[in-house]
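Structure first, commentary second.
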Amino acid sequence: MVSGNTSVLGLIGDPVGHSLSTFMHNTVFKQLNLDYVYVPFNVKKENLSDAILGAKGLNIAGLNVTIPHKINVINYIDEIDSVAEMIGAVNTIKFNNGKAIGYNTDGVGAIKGLQEISSLKDKKVIILGAGGSSRAVGFQLAISGINELLITNRNIEKAKILTDDFKAKLRNTQQEVFPDFNNEMIFNHSNFSILKNEIKDADILINATPLGLYPNVNPDPIIKSDILHSDLIVYDLIYNPLETITLKEAKKAKTKTISGIKMLVHQGATSLKIWTGVDAPIDTMEKTVINKLVL
């Protein structure tokens, strides 16, 4: 029951009507008897500054930030977490004593989903795509102990720009800042033409492109089952549909697969921890999302 004492959390983006975060978070609040409510707010890019100022004025406790605001919102917050600053994007804001503090939970959410089934130490990872998701996940991977990171993209120049940015930001990183970072780590970039050869000795393949995202669920796949191997883990950051075209190809090759639901749930749980200090029930969040997608 919402009352005058209920703390408000929310999501800003354009659009936000498709988001499952509202159901996921409000289900957790009910289960844990937390006096919070999570509300989606459709915010046009020209109103972003007003939205952050308004959230402060309304004493909103925190916000998630989604497309297209994750980069531009940095201009309107007061402080930014070091990891979010290096990624160059914010997806979570906590309002505290009149200040808006920005974080990025996308990367850590994706990595936690991956770590449910695999260690990352000394692994070779290939990421398909060079957009915002690749940036967040790639950076988090790079500081998590992997041995090699290959960014691939149709436009090779975009892959090079992202790889060079990782190198520039991490090569001079102090070990005490990111203790798991491998200073001998290999950074590479390419277009999709080299995938067949590179996948042969890869441990993890991550789709960070929108290929297969609802409603365009049956496009031509970037990767086909005949170039995959059974020791590979294939992770698609898309969560709708539950089984994407990429995961369908992976299952033909009998690889281990991970749905984007894992990233959605873990990034949401990490945001919730930032806002409330409470450890969220991952199983409840995952079941809520799956039930909404199946209905």
(Q) From the protein chains alone at 1.4 Å, what is the descending order of accessible area for VAL73, VAL2, VAL217, largest first? (A) VAL2, VAL217, VAL73
Q: Pairs of Cα atoms under 8 Å, at least six residues apart: use those to get the relative contact order of the stretch 58-121, whole percent.
A: 31 percent
Q. Where the only charges are on Cβ atoms (+1 Lys, Arg; -1 Asp, Glu), what is the dipole of the chain about its Cα centre, to the nearest 20 debye?
A. 460 debye
Q: Determine the calculated [θ] at 222 nm for the chain from helices alone, applying -39500 (n - 2.57) to every DSSP H run no shorter than 4 residues and normalising by the residue count; nearest 500 deg cm²/dmol.
A: -11000 deg cm²/dmol
Q.
What FRET efficiency comes out for LYS196 versus LYS256 if R0 is 22 angstrom and r is the Cβ-Cβ distance? Round to the nearest 0.05.
A. 0.65
Q) By how many nm would the segment from LYS121 to LYS167 lengthen if fully extended, with 0.36 nm per residue of separation less the alpha-carbon distance? A) 14.7 nm
Q. What is the extension gain from ASP220 to ASN59, computed as 0.36 nm multiplied by their sequence separation minus the C-alpha to C-alpha distance, in nm to one decimal?
A. 53.3 nm
Q: Go through LYS112/LYS273; LYS224/LYS256; LYS112/LYS224 and tell me which ones have a Cα-Cα distance over 18 Å in this structure.
A: LYS112/LYS224
Q) Scattering from the C-alpha atoms of the stretch 210-295 alone, worked out with Debye: what is log10 I(q)/I(0) at q = 0.12 1/Å? A) -0.42
Q: Measure out, as a whole number of angstrom, how far apart the alpha-carbon centroids of the stretch 196-255 and the stretch 1-43 sit.
A: 32 Å
Q. Residues with beta-carbon under 13 Å from that of THR6, excluding THR6: net charge, scoring Lys, Arg +1 and Asp, Glu -1?
A. 0
(Q) Just to be sure I understand: of the beta bridges DSSP finds with both ends in the chain, what percent are antiparallel, rounded to 5? (A) 20 percent
Q. So what are the three principal axis dimensions of the chain from its Cα atoms, in whole Å, longest to shortest?
A. 60, 46, 34
Q) Got a sec? Charge dipole of the stretch 133-283, +1 on Cβ for Lys and Arg, -1 for Asp and Glu; which of ALA142, ASN172, HIS189 is way out at the positive end? A) HIS189
Q) Which ³J(HN,Hα) values, rounded to whole Hz and listed in residue order, are derived for the stretch 218-234 from phi using the Karplus coefficients 6.51, -1.76 and 1.60 in 6.51 cos²θ - 1.76 cosθ + 1.60 with θ = phi - 60°, glycine and proline given as x? A) 10, x, 5, x, 6, 10, 10, 4, 6, 9, 9, 10, 6, 8, 7, 9, 10
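The values are calculated or read from the model by the stated rules, or taken from the named source; none is laboratory data. Computed from a prediction, not measured in an experiment: that's the story for all the values here. All Cβ positions, even for glycine, are placed from backbone atoms using ideal geometry, and neighbour counts span all protein chains on display. Ligands, DNA and RNA are excluded from the accessible area calculation, which covers all protein heavy atoms including side chains. Shrake-Rupley method; radii C 1.70, N 1.55, O 1.52, S 1.80 Å.
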